[in-house]
1. Go over the candidates 69, 20 one by one and state the one that is hydrophobic (A, V, I, L, M, F, W, C) and in contact with an Asp or Glu (Cβ under 8 Å, 6 or more places away or on another chain).
2. Taking the residues in segment 38-51 that are free of Cβ contacts under 8 Å to residues at least 40 places away in the same chain and assigned to a loop (DSSP other than H, G, I, E, B) as candidates, determine which candidate is nearest to residue 83 (Cα to Cα).
3. Answer yes or no as to whether residue 10 is of a type in the set (Gly, Ala, Ser) and under 27 Å from residue 69 (Cβ atoms).
4. Can you spot a residue in segment 1-12 that is part of a loop (DSSP other than H, G, I, E, B) and either modelled with pLDDT of 95 or more or touching a Leu at 6+ places or on another chain (Cβ under 9 Å) (or both)?
5. Any idea which residue in segment 20-37 is surrounded by the fewest Cβ atoms within 10 Å (Cβ to Cβ), counting only those that are within 9 Å of the chain's Cα centre (by Cα) and part of a helix (DSSP H, G or I)?
6. If you scan segment 1-19, which residues turn out to be among the aliphatic types (A, V, I, L, M) and surrounded by fewer than 10 Cβ atoms within 10 Å (Cβ to Cβ)?
7. Applying the selection to segment 40-87, what residues are farther than 19 Å from residue 26 by Cβ, within 14 Å of the chain's Cα centre (by Cα) and open to solvent by 70 Å² or more (accessible area, probe 1.4 Å)?
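The values are calculated or read from the model by the stated rules, or taken from the named source; none is laboratory data. Predicted model only: the values in this text are computed from it and were never measured. So basically every Cβ, Gly included, is an ideal-geometry build from the backbone, and we count neighbours across all protein chains shown. Protein only, heavy atoms only, side chains kept; ligands, DNA and RNA dropped before computing areas. Shrake-Rupley method; radii C 1.70, N 1.55, O 1.52, S 1.80 Å.
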Amino acid sequence: MAASRDLLHSLAPVVRLGGLLCFSTCSLEPEENEMQIEEFLRDDPRFRREPSRDMPADLLSPSGDLTLLPQRHQTDGAYAARLRRHA
């Protein structure tokens, strides 16, 4: 999980203003997904979640992140978050 945290923090400076930082995993573990994003957003207020408007709502978590569940979507589990740089 430190690798994910390091990856997010090392990529953030190269995202231009208005650009997107997309984070995805093939995991369903909250500590590898949502918790990583929450920590990153607390540490770097330049970014905000920006849910995709093109994704069906049933594929999105309450926070707007893509969450594919094998038992619901008949696919492998996966997670993705879109983060827009605002400042």
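1. Values: 69 fails: in contact with an Asp or Glu (Cβ under 8 Å, 6 or more places away or on another chain).
Just one listed residue meets the conditions, 20.
2. Looking only at segment 38-51, we keep the residues that are free of Cβ contacts under 8 Å to residues at least 40 places away in the same chain, and these are 38-39, 42-44, 47-51.
Narrowing the set further to residues that are assigned to a loop (DSSP other than H, G, I, E, B) leaves 44, 50-51.
Values: 44: 11, 50: 6, 51: 8 Å.
Step by step, filter segment 38-51, then rank; the result is 50.
3. When the stated conditions are applied, residue 10 does not pass them.
4. First pass over segment 1-12, keeping only residues part of a loop (DSSP other than H, G, I, E, B): 1.
Remaining after also requiring either modelled with pLDDT of 95 or more or touching a Leu at 6+ places or on another chain (Cβ under 9 Å) (or both): none.
Within segment 1-12 (the criterion being part of a loop (DSSP other than H, G, I, E, B) and either modelled with pLDDT of 95 or more or touching a Leu at 6+ places or on another chain (Cβ under 9 Å) (or both)), the answer is no, since none of the residues qualifies.
5. Among those residues, the one meeting the criterion is 34.
6. 2, 3, 14, 17
7. Scanning segment 40-87 gives 42, 48, 62.
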